[in-house]
Amino acid sequence: MIKKSTYIRSFTATQQKQLEKVAKEQNIKTVPEILFFSLNSYLEQKQEIERLKRIIQLKKDKIDELDLKIDFFKSASKKIHELSNYLKTQK
């Protein structure tokens, strides 16, 4: 568990660059503000990802439904064609 008095004392070079980039882009002055901003952004992105996953699943379900309809119409078209050929031979 993170205590309120816990401070991060060292950063890797990559982390330092990332913090500086976020601070510059968001006009943030302190590391705690950057960390809170990042936490909020993470949670928002997680919710957005879940929303997009639901949308993707709905689209996949719709595609599957349309594929079934296509198969049905292809089958029906084949039967109609066979019946048409049969009727032509019966004349």
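Working from label points 7 Å from Cα in the Cα-to-Cβ sense, the residue 80 to residue 43 distance is 5.7 nm. Within the same chain, lysines fewer than 8 places from residue 53 are excluded, and of the rest, those with a Cα less than 17 Å from its Cα are 62.
Over the chain, accessible surface divided per residue gives 99 Å², non-protein components excluded, 1.4 Å probe.
What is the helix-to-structure angle for 31-90, meaning the angle in degrees between its Cα long axis and the longest Cα principal axis of the chain, kept from 0 to 90 and rounded to the nearest 10? Approximately 10 degrees, to the nearest ten. Cross-link partners for residue 91 among the lysines, with Cα-Cα distance under 21 Å and sequence neighbours closer than 8 places in the same chain left out: 78, 79. Net charge of the neighbourhood of residue 59, taken over other residues with C-beta under 12 Å away and scored Lys/Arg +1, Asp/Glu -1, is +1. This structure gives log10 I(q)/I(0) by the Debye sum over Cα atoms at q = 0.10, 0.14, 0.26 Å⁻¹, computed directly, and of (1) -0.27, -0.53, -1.46; (2) -0.24, -0.47, -1.64; (3) -0.56, -0.76, -1.22 that value is listed as (3). Atom-type composition of the exposed protein surface of the range 6-72 places 59 percent of the accessible area on carbon and sulfur (1.4 angstrom probe). When nucleic acids and ligands are ignored and a 1.4 Å probe is applied, residue 84 ends up with an accessible area of around 50 Å².
The values are calculated or read from the model by the stated rules, or taken from the named source; none is laboratory data. Fair warning: this is a prediction, and the values are worked out from it, not measured in the lab. Glycine also receives a Cβ, built like all others from the backbone with ideal geometry; neighbour counts cover every protein chain displayed. Note: accessible area is taken over every heavy atom of the protein model, side chains too, but ligands, DNA and RNA are not part of it. Shrake-Rupley method; radii C 1.70, N 1.55, O 1.52, S 1.80 Å.
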